[in-house]
Amino acid sequence: MEKIASFTIDHTRLLRGIYVSRKDFLQGSEVITTFDIRMKEPNREPAVSQGALHTIEHLAATFLRNHPEWKDRIIYWGPMGCCTGNYLLVKGDLTSADIAPLIKETFEFIVGFDGEIPGANAHDCGNYTLNNLPMAKWEARKYLVEVLNVLTPANLNYPE
């Protein structure tokens, strides 16, 4: 079998950042851009805990799907199996720089969030007890301060 695109990235050199993982061209000129929202350096720092990552998923997905400018273009937000980040799928032929302000806004929302986690109940979620709001906010703040607030080209383009 052929390697899938995400397994061709050199994870030993990958930094935290926002990366275009792939672009899928649908019928006509419609493009879906998949972004790698990398919160941790793979294999070099501890992964995000499952509870924190699950909470980040609930908060980010809710925020993005309600965003006044972007909500009609958001297809999916979800965690990576390796727990080092998330995938975001957006309608449009976009770059990492195009969505950087949106990702910053999303993580600012998570850092400032107080209250009941959206969808964190038995009716709405298949594992609602696996949430950790304090750790989600801690991880979001770390990513916001150390990466999103100081983005460089190295945080926006996969290593060669």
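Readers should treat all values here as calculations from the given coordinates under stated rules, not as data from a laboratory. Fair warning: this is a prediction, and the values are worked out from it, not measured in the lab. Cβ sites come from the backbone with ideal geometry, for glycine too, and all protein chains shown count toward neighbours.
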Assigned charges on the beta-carbon of Lys, Arg, Asp, Glu; the chain dipole about Cα centre (debye): 220
Taking the dipole of the chain about the Cα centre (Lys, Arg +1; Asp, Glu -1; charges at Cβ), the one of GLN27, GLY115, MET80 that reaches farthest to the positive side is MET80
At 7 Å along Cα-to-Cβ for each site, give me the label-to-label distance between SER49 and GLN27 in nm. 4.7
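Would you calculate, for the chain, the mean residue ellipticity at 222 nm contributed by helices, counting each DSSP H stretch of 4 or more residues as -39,500 (n - 2.57) and dividing by all residues, to the nearest 500? Present the calculation step by step, with values, prior to reporting the outcome.
Numbers: 3 runs with 47 residues, N = 160.
After summing the helix terms and dividing by residue count, I get -9500 deg cm²/dmol.
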Total formal charge among the other residues, if their Cβ is under 15 angstrom from that of GLY81, Lys/Arg +1 and Asp/Glu -1: 0
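How high is the relative contact order of region 6-160? Use alpha-carbon pairs under 8 Å, at least six apart in sequence, and give a whole percent.
Numbers: 259 pairs, mean separation 47.4, N = 155.
31 percent.
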Between TYR87 and ASP10, what is 0.36 nm times their sequence separation minus the Cα-Cα distance? Round to one decimal in nm. 26.0 nm
Name the residues of region 64-100 whose amide N is less than 15 Å from a point 7 angstrom out from the Cα of MET1 along the C-beta direction? none
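Please rank TRP138, TRP70, fewest neighbouring Cβ atoms within 10 Å first, as an exposure proxy.
On the way: TRP138 15, TRP70 18.
Starting with the residue having the fewest Cβ neighbours, the order is TRP138, TRP70.
Using +1 on the beta carbon of Lys and Arg, -1 on that of Asp and Glu, and nothing else charged, what's the dipole of region 68-160 about the Cα centre, debye to 20?
Numbers: 7 positive and 12 negative charges, 22 e Å.
Once rounded to the nearest 20, the dipole reads 100 debye.
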